[in-house]
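The structure under discussion appears below in the form of structure tokens.
The values are calculated or read from the model by the stated rules, or taken from the named source; none is laboratory data. Being a predicted model, the structure only gives us computed values, none of them experimental. Cβ coordinates were reconstructed from backbone atoms using ideal geometry, including for glycine residues, and neighbour counts include every protein chain displayed.
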């Protein structure tokens, strides 16, 4: 960090910390001009040949798909007596092409389909960034379709971007927990895989808490050929809640600014409180019915999911791409390194990237330059890694990868 960066607002406490966001424009509309990759399919000719997932056959060769734009459609699928609504984004291409499809899985909170986020710990963007919408548009630009949907707990009463009301929910929404969010994501995978306008091959992209669920989904859904974990926690639930506040406090303390002393103290005190509360929930001594606005039963369910992070990850059985940003205080880079340790020990097919100046919502912090427009967007570098990783997953004769 140097003097060319201006400080944004600490979202939690209002302190200044030392960077400012500027955003690359989303890659939508006409696709960039990229020389096609012409190559002969290895060892295959005629109708038996197999091109890559982001390629189309052109005579005796395979050629990178040419994207001219994208189309979006309102869609719906049902799970557990409730209809979830979303947006299917498909690349517009010349010629016959059935794209692989990404299902975008939310992080914590009552997220709308576009995943509008105003910032994260230590960073306020000044605008709400539609993280999933930006990601979907950029995926379409490289030939990948995607489904993003309103989370089960997305209502107008708790998110202004949600159109439905709590009155529309057929059950008690307070009974919903992470089991439901995972089951919804699995239903989304099955839904897009069954559509005739997709290739029937699905990658599951989970952000933050949603990344915790990706390995579980991969293991249980045959149509899911691989997963992308974006800023996925590797800690237990209690350690994550308290740790993200302590990590932020440590960063602020490293700046050596005496004016931040009160904010640092508040962060550490809140971390201690979170740690105590979750410990009491786990050992049965918590005296209240609710914690952090949700029933205690939700916390117990979350603790069980986070306790299984490592075992679920090493048993996923399919290729995974994991990425994190070095300016993420919600899920610090050390957690990405923990996944690397697990992957190496279990000899997994896993690829890792730590992205410079990238925050928890995968918005990039860049020097403020007058000639660059202020355009909120998901990291184009991260999208490039997804594209390269997916292109490297070769089709197996006779169908999707096992």
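Per the listing 146, 194, the residue uniquely out of contact with any strand residue (DSSP E or B) (no Cβ under 8 Å at 6 or more places or on another chain) and more than 30 Å from residue 294 (Cα to Cα) is 194.
Any residue in the stretch 227-237 that is within 18 Å of residue 298 (Cβ to Cβ), touching a helix residue (DSSP H, G or I) at 6+ places or on another chain (Cβ under 9 Å), at pLDDT 95 or above and assigned to a helix (DSSP H, G or I)? There is at least one residue in the stretch 227-237 that is within 18 Å of residue 298 (Cβ to Cβ), touching a helix residue (DSSP H, G or I) at 6+ places or on another chain (Cβ under 9 Å), at pLDDT 95 or above and assigned to a helix (DSSP H, G or I). In the stretch 242-263, is there at least one residue being part of a helix (DSSP H, G or I), over 20 Å from the mean Cα position of the chain (by Cα), under 26 Å from residue 175 (Cβ atoms) and without any contact (Cβ under 8 Å) to a residue 12 or more places away in the chain? No, the stretch 242-263 contains no residue that is part of a helix (DSSP H, G or I), over 20 Å from the mean Cα position of the chain (by Cα), under 26 Å from residue 175 (Cβ atoms) and without any contact (Cβ under 8 Å) to a residue 12 or more places away in the chain.
Annotation note: of 266, 344, the sole residue that is farther than 30 Å from residue 380 by Cα, in a helix (DSSP H, G or I) and either under 24 Å from the mean Cα position of the chain (by Cα) or modelled with pLDDT of 95 or more (or both) is 266. Condition test on residue 148, is it assigned to a loop (DSSP other than H, G, I, E, B), touching a helix residue (DSSP H, G or I) at 6+ places or on another chain (Cβ under 7 Å), touching a residue at least 24 places away in the same chain (Cβ under 8 Å) and under 30 Å from residue 96 (Cβ atoms)? Criteria not met by residue 148.
Is it the case, given these coordinates, that residue 98 is part of a strand (DSSP E or B) and touching a residue at least 12 places away in the same chain (Cβ under 8 Å)?
Spelling it out, it is not the case that residue 98 is part of a strand (DSSP E or B) and touching a residue at least 12 places away in the same chain (Cβ under 8 Å).
The combined condition, being part of a helix (DSSP H, G or I) and in contact (Cβ under 8 Å) with a residue 60 or more places away in the chain, is not fulfilled by residue 197. Checked against the criterion of being modelled with pLDDT under 95, more than 30 Å from residue 166 (Cβ to Cβ), over 29 Å from the mean Cα position of the chain (by Cα) and assigned to a strand (DSSP E or B), the candidates 57, 41 yield just one match: 57.
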